[in-house]
1. Quick check on packing: order 185-198, 36-49, 68-81, 101-114 by the mean number of other C-beta atoms within 10 Å, highest mean leading.
2. With charges set only on the Cβ (+1 for Lys and Arg, -1 for Asp and Glu), what does the dipole of the chain come to about its Cα centre, in debye to the nearest 20?
3. Based on the Cα gyration tensor of region 1-52, what are the three equivalent ellipsoid semi-axes, each the root of five times an eigenvalue, rounded to whole Å and given largest first?
4. Rounded to whole Å and sorted largest first, list the principal axis extents of the Cα atoms in region 4-224.
5. Obtain the nm distance between the two label points defined at ARG33 and LEU270 by a simple spin-label model: each point lies 7 Å from its Cα along the Cα-to-C-beta direction.
6. For the pairs LYS41/LYS160; LYS62/LYS119; LYS118/LYS161; LYS91/LYS119; LYS169/LYS223, flag any whose C-alpha to C-alpha distance is greater than 19 Å.
7. What are the residues whose amide H is under 5 Å from the amide H of VAL85, where those residues sit 5 or more places off or on another chain and H is modelled from the backbone?
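What follows is calculated from the coordinates using simple rules that are stated; it is not laboratory data. Note that the structure is a prediction, hence the values are computed from the model and not measured. Neighbour counts are summed over all protein chains in view; Cβ atoms, including those assigned to glycine, are modelled from backbone coordinates with ideal geometry.
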Amino acid sequence: MENALQRFLFEHANIRGELVSLDSSWQQVLERRMYPASVRKLLGEVTAATTLLAATIKLDGKLSIQITGHSALQLLLAETTGSTVFRSTAKWNQREEENLENVNLIKDGSIAVTITPKKSGQPYQGLVEVHGESVQESLENYMQQSEQLTTRLWLASNGKKASGMLLQKLPSEEDIESEDWNRIITLASTISEQELLALDFDTILQRLFHEETIRVFKENSVKFMCSCSEKRTDGMLESLGEQEIRSILKEQGNVNITCEFCGKNYIYSLSGVDRIFSRQSKVLIQDSNSSIN
């Protein structure tokens with residue numbers, strides 16, 4: 001059950017669920033950067049939540065959750081591709097690191113959920129203010145406000161594992177639906193963070209819903225993988241402009257770009273910068289010739 005996503009459905013209630021367990025894949029995130037304990041916990045919860053939300057839609061592309069704080073915590077960002085590949089990172093004010101513990105780091109912040117189709121269509125983004133005291137409360141509020149989907153989340157994270165459970169009410173006109181939802185949410189709410197981190201999927205479902213009829217689907221594997229590349233880094237430098245990049249090159253001797261997600265370094269010397277902007281110049285010349293013709 002390591003690094004897995006499990007979908008399930010209540011047979012006699014219009015409710016679906018997801019369970020996720022990130023083990024070695026979550027540890028790969030932590031190996032790349034030393035996060036303060038409070039930031040690490042929140043980032044694990046956001047990472048698990050991103051995978052769970054992506055699994056509720058037929059996603060051919062990327063879904064990201066970004067939480068921007070107004071405290072010592074500056075950013076939590078998790079991104080998943082097709083609900084099976086994820087990456088995540090966080091930023092915080094290191095000069096205020098002593099203020100990261102025993103406070104609500106996401107208070108007065110905002111949550112942006114972005115869906116980017118792989119092939120066609122425009123990216124869609126929903127933005128709401130942080131609501132409540134936790135990541136899960138805030139995302140539940142987002143799903144209700146922006147997607148009109150009643151959703152409950154249970155999230156847990158530590159230095160070894162990030163886990164989560166999602167329950168979602170499906171559209172229905174039956175009055176009995178609310179009774180089913182209230183009963184199942186009451187049962188689900190008895191799970192603790194420790195149990196969510198320690199128990200396997202079968203045990204969780206049996207412990208919570210042994211009196212319910214549940215259809216369990218095949219597990220899907222989930223892995224950490226970063227999508228950074230030299231091509232994307234070239235494009236980022238192009239967007240900053242030749243004057244800016246050559247100024248950095250002159251001052252520092254090279255241009256060093258480090259991926260925030262995986263820690264990979266992309267180092268550009270004079271020849272690398274020349275390659276990027278000489279190519280850009282060729283494109284501009286070709287475009288000019290095309291317009292003349």
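1. Top of the packing list down: 36-49, 68-81, 101-114, 185-198.
2. Here the size comes out at about 1360 debye.
3. On the way: eigenvalues 160, 29, 7 Å².
Value: 28, 12, 6 Å, ordered largest first.
4. That works out to 53, 40, 31 Å along the principal axes.
5. 3.4
6. Numbers: LYS41/LYS160 10 Å; LYS62/LYS119 11 Å; LYS118/LYS161 29 Å; LYS91/LYS119 30 Å; LYS169/LYS223 28 Å.
In this structure, LYS118/LYS161; LYS91/LYS119; LYS169/LYS223 exceed 19 Å between Cα atoms.
7. Excluding prolines and chain starts, which carry no amide H, the hits are LYS223.
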